[in-house]
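Asker: Have a look at this one.
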Amino acid sequence: MKTKNQEFLAAFNKAFAENNTEYILNNVSKNIKWEMAGDFTANGFDEFSKYLKNMGSVEPWEIQINTIITHGKDASVNGIIRSNDGKEYAFCDVYRLTGFKNPKVSEMTSYVIDIT
C-alpha cells in the first residue's frame, strides 16, 4: 500500500512522462531548485518552467517506476523511461518536499543514464 506522498510522486513522475506541464507546475514550489546532474541547474519557478517546456515531447513516453522511497520531507523515485522511438533511460530523482500534507516539490535532483 502506497502512502499519500508515494502516490503524489508516482503521479508527478507520470506527468513528466506524459509531458503534463500543467500538473508539474502546479505541484512545485515557487522557489523550486532542479538540478539535472551534469547538465543544468534551474533556480526558481521561471527557470524551472523554461527548462521543463524545452524538454517536452509531443508524444507521451512510457514510464516504469521501480521504487519510491519517502522519509519525512525527503524522497526518491527510480525506474526506466522509454521514448516512442525506442530510446531507454534509467533515472533516479531525489526530492525535497515542502511538507507532509499536500506537499509540493521544492528541490529535485535528476540522474539520467541512456541505456539504449
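For (1) in contact with a helix residue (DSSP H, G or I) (Cβ under 9 Å, 6 or more places away or on another chain); (2) modelled with pLDDT under 95, each residue gets a yes or a no:
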{"position": "Ala11", "(1), (2)": "yes, no"}
{"position": "Leu25", "(1), (2)": "yes, no"}
{"position": "Ala37", "(1), (2)": "no, no"}
{"position": "Thr41", "(1), (2)": "yes, no"}
{"position": "Pro60", "(1), (2)": "yes, yes"}
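Asker: If I filter the range 38-47 for residues that are farther than 23 Å from Thr116 by Cβ, more than 13 Å from the chain's Cα centre (by Cα), part of a helix (DSSP H, G or I) and charged (D, E, K, R), do I get at least one hit?
Answerer: The initial filter retains those residues of the range 38-47 that are farther than 23 Å from Thr116 by Cβ, namely 41-47.
Applying the additional criterion that residues be more than 13 Å from the chain's Cα centre (by Cα) yields 41-47.
With part of a helix (DSSP H, G or I) added as a condition, the list becomes 45-47.
Remaining after also requiring charged (D, E, K, R): 46-47.
Scanning the range 38-47, I find at least one residue that is farther than 23 Å from Thr116 by Cβ, more than 13 Å from the chain's Cα centre (by Cα), part of a helix (DSSP H, G or I) and charged (D, E, K, R), so the answer is yes.
Asker: Follow-up question, since we're still on this one. Taking Ala42 and the conditions (1) surrounded by fewer than 18 Cβ atoms within 10 Å (Cβ to Cβ); (2) under 15 Å from Ser106 (Cβ atoms); (3) touching a Phe, Trp or Tyr at 6+ places or on another chain (Cβ under 6 Å), which numbered condition does it fall short on, given that it satisfies the others?
Answerer: For Ala42, the exception is condition (1).
Asker: So which residues in the range 78-116 are basic (Lys, Arg), without any contact (Cβ under 8 Å) to a residue 60 or more places away in the chain and either surrounded by 14 or more Cβ atoms within 10 Å (Cβ to Cβ) or in a strand (DSSP E or B) (or both), if there are any at all?
Answerer: Hits for the range 78-116 are Arg82, Arg96.
Asker: Something else about it: Identify the residue in the range 74-111 that is over 15 Å from the mean Cα position of the chain (by Cα) and of a type in the set (Lys, Arg) and, among all such residues, is nearest to Thr41 (Cα to Cα).
Answerer: Selected residue: Lys87.
Asker: Out of the residues in the range 64-77 meeting the condition of being assigned to a strand (DSSP E or B) and out of contact with any Gly (no Cβ under 8 Å at 6 or more places or on another chain), tell me which one is surrounded by the fewest Cβ atoms within 10 Å (Cβ to Cβ). Write out each step before concluding.
Answerer: Within the range 64-77, the first condition is being assigned to a strand (DSSP E or B), and the residues that meet it are 64-71, 74-77.
So of that shortlist, the ones also out of contact with any Gly (no Cβ under 8 Å at 6 or more places or on another chain) come out as 68-71, 74-77.
On the way: Ile68: 21, Ile69: 13, Thr70: 20, His71: 8, Asp74: 12, Ala75: 23, Ser76: 16, Val77: 24.
The extreme case among them is His71.
The values are calculated or read from the model by the stated rules, or taken from the named source; none is laboratory data. Please read these numbers as outputs of a predicted model, since none were measured by experiment. Please note: Cβ atoms are built from the backbone with ideal geometry, for glycine as well, and neighbour counts cover all protein chains shown.
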